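Read the structure below first, then the notes.
The values are calculated or read from the model by the stated rules, or taken from the named source; none is laboratory data. Quantities reported herein were computed from a predicted structural model and do not represent experimental measurements. Reconstructed Cβ throughout: ideal geometry from the backbone, glycine too, with neighbour counts over all protein chains shown. Calculation scope for accessible area: heavy atoms of the full protein, side chains included, ligands and nucleic acids excluded. Shrake-Rupley method; radii C 1.70, N 1.55, O 1.52, S 1.80 Å.
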Amino acid sequence: MTVPSSVPPAVPSAPPPAYASAVLDAPADRVWAYLRDFGNLAEWMPGVETGMIEDGGPPDRVGCVRRVIGPGDTVFRERLTSLDDEARTYRYEVLECPLPVRRCRAALRVVPVTVTGGSFVEWSADFSANADDEEAMAKTLAVGIYATGLSSLARRFS
């Protein structure tokens with residue numbers, strides 16, 4: 001069978017610069033019901049001292065801004081840009097943070113693991129940084145923040 005030359009071959013897209021994933025021992029619907037609360041990061045993310053939705057509104061309202069205080073009173077402000085219950089995904093943009101990144105857009109997604117009944121959770125981000133900072137920031141986000149958070153989440157649901 002030949003493929004017409006006008007059809008490009010299927011090529012997987014490159015992973016985002018910062019990516020972490022974990023398998024949790026809990027059903028995807030249960031994990032998503034917990035994670036879809038954009039304001040509860042302080043409950044499960046190590047190093048987050050406090051977190052809140054700035055205007056006190058609902059934590060699942062697209063456009064809400066969470067303010068997170070981390071070690072040394074570092075401030076992160078993030079705006080929820082989309083929330084999709086069917087796809088069990090939310091996306092957000094970083095408005096303010098102490099890291100040398102720009103235009104940071106992140107996503108968190110929960111997918112069922114059909115064989116075990118558990119969940120596969122992905123956390124990723126695309127961002128810009130100065131060339132000297134790019135590799136370090138990718139590692140900081142992927143390992144220092146996302147993988148650490150997912151490990152803590154896995155313990156919560158074990």
Quick one: count up the residues across region 39-74 that are in contact (Cβ under 8 Å) with a residue 60 or more places away in the chain, in a loop (DSSP other than H, G, I, E, B) and within 15 Å of the chain's Cα centre (by Cα). 2
Being in contact with a Leu (Cβ under 6 Å, 6 or more places away or on another chain) and either of a type outside the set (D, E, K, R) or open to solvent by 20 Å² or more (accessible area, probe 1.4 Å) (or both) is true for just one of 125, 106. Which residue is that? 125
Scan region 75-88 and report the pairs whose first residue is surrounded by fewer than 18 Cβ atoms within 10 Å (Cβ to Cβ) and whose second residue is among the basic types (Lys, Arg) and part of a strand (DSSP E or B), with Cβ atoms within less than 7 Å and a gap of 6+ or a chain change. 75/67; 77/67; 81/91; 82/91
Does residue 119 qualify as being within 16 Å of the chain's Cα centre (by Cα), open to solvent by 50 Å² or more (accessible area, probe 1.4 Å) and touching a residue at least 40 places away in the same chain (Cβ under 8 Å)? no
